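Reading through the structure tokens given below for one structure.
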Ligand code: PHE
């Protein structure tokens with residue numbers, strides 16, 4: 001019997017040594033400890049033995065059983081450990097490396113100029129207001145002193161909706177909406193997209209951007225208008241600028257002006273950039289028409305004001321030396337990246 005025990009123990013350990021995976025340990029368990037296993041087989045032989053022997057061999061069998069069980073457990077722990085380590089080594093990934101090439105965005109030149117303009121005016125006490133792209137005739141025309149019979153409506157080719165709404169042709173409706181929200185004295189600016197039924201070419205598009213401004217207070221004169229326009233242009237172009245006012249017609253201002261800036265490149269001599277004129281036409285502006293103040297419930301005897309509107313796209317094109325408006329609106333990321341300021 002002793003020999004049989006030794007042989008069994010040996011066979012058990014040899015078998016255990018060949019096991020490389022936790023899942024194969026089940027087989028060893030069945031082979032040695034299972035119902036039809038070798039140890040159970042030996043138990044079955046006990047009944048033929050004397051009581052004395054029974055006790056002795058039974059004890060031995062139980063001892064072996066415990067030994068086998070703990071050996072299998074130990075082996076299982078060891079295998080689990082190495083399997084885990086192997087897994088860790090094989091499935092290791094470096095999460096500190098970004099697998100995708102970084103593709104960070106940049107701010108579009110139109111937004112750059114718009115944000116700069118907002119900053120300049122906020123620093124001078126102006127509030128930034130917004131307005132809807134889809135407007136009523138009242139805000140886009142009537143309240144701005146352009147009644148339906150007025151030929152000035154033809155100055156801006158308008159996209160109409162069937163229900164009478166329209167895509168705003170300028171940011172001037174923000175003047176009216178502004179007067180409805182803030183009480184005079186006030187200073188407001190309103191940037192945004194505007195739409196006109198224009199044929200697209202190097203300097204025109206059916207959607208472009210304007211920046212509107214309005215200041216209403218007691219005793220506001222053209223001198224104030226001049227000061228604010230000069231200050232804004234000097235900030236945008238980061239140099240001293242010279243401006244001139246020419247008479248210009250806009251029904252919502254009286255008097256109305258076209259403000260030109262002395263060409264920064266040729267200083268007035270005439271060059272390709274200013275089309276040999278020496279001056280660059282930039283801003284429509286003037287003193288707010290009394291009828292417009294009245295539409296905003298403001299007494300034109302007590303208050304006066306100036307208003308202006310400029311094309312942000314134009315300003316961006318001048319600032320960044322862009323000669324065609326189409327790539328400016330084209331949405332090509334490589335284009336806007338050229339002007340990134342990060
Ligand atoms: N709204 C005018 C335009 O689009 C510009 C303007 C604004 C003129 C304010 C005068 C005062 O042409």
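Taking one quarter of the surface of the convex hull spanned by the alpha-carbon atoms of segment 196-327 gives a direction-averaged projected area of 8.7 nm². For segment 2-90, the Kirkwood estimate of hydrodynamic radius, built from reciprocal distances between every pair of different alpha carbons, is 14.3 Å.
Take the convex hull of the alpha carbons in segment 107-161; its mean projected area over all directions comes to 5.7 nm².
Reducing segment 30-91 and segment 194-217 to their Cα centroids gives an inter-centroid distance of 89 Å. Would you mind telling me which residue in 270, 34, 256 has the biggest mean-square fluctuation in a Gaussian network model of the chain, where springs connect alpha carbons within a distance under 10 angstrom? Of 270, 34, 256, the Gaussian network model singles out 34 as fluctuating most. Name the shape class, rounded, prolate or oblate, that the alpha-carbon gyration tensor gives for segment 173-232, where a ≥ b ≥ c are the square roots of its eigenvalues, rounded holds for a/c under 1.5, and otherwise prolate holds if a/b is larger than b/c and oblate otherwise. Oblate, because a/c is 1.5 or more while a/b does not exceed b/c.
Separation of segment 155-189 and segment 248-272, taken as the distance between their Cα centroids, equals 24 angstrom. Shape class of segment 171-272 from the alpha-carbon gyration tensor: oblate, with a/c at 1.5 or above and b/c at least as large as a/b. Is the shape of segment 52-191 rounded, prolate or oblate, going by the alpha carbon gyration tensor and its root eigenvalues a ≥ b ≥ c, with a/c under 1.5 for rounded and a/b larger than b/c for prolate? Taking the square roots of the gyration eigenvalues as a ≥ b ≥ c, segment 52-191 is prolate. Sorted from longest to shortest, the spans of the Cα atoms of the chain along the three principal axes equal 131, 46, 38 Å.
Within the listed set 228, 84, 159, the residue fluctuating most in the Gaussian network model of the chain (springs between alpha-carbon atoms under 10 angstrom) is 84.
Coordinate-derived values only; no laboratory data. From a predicted model like this one, the values you see are computed outputs, not experimental measurements.
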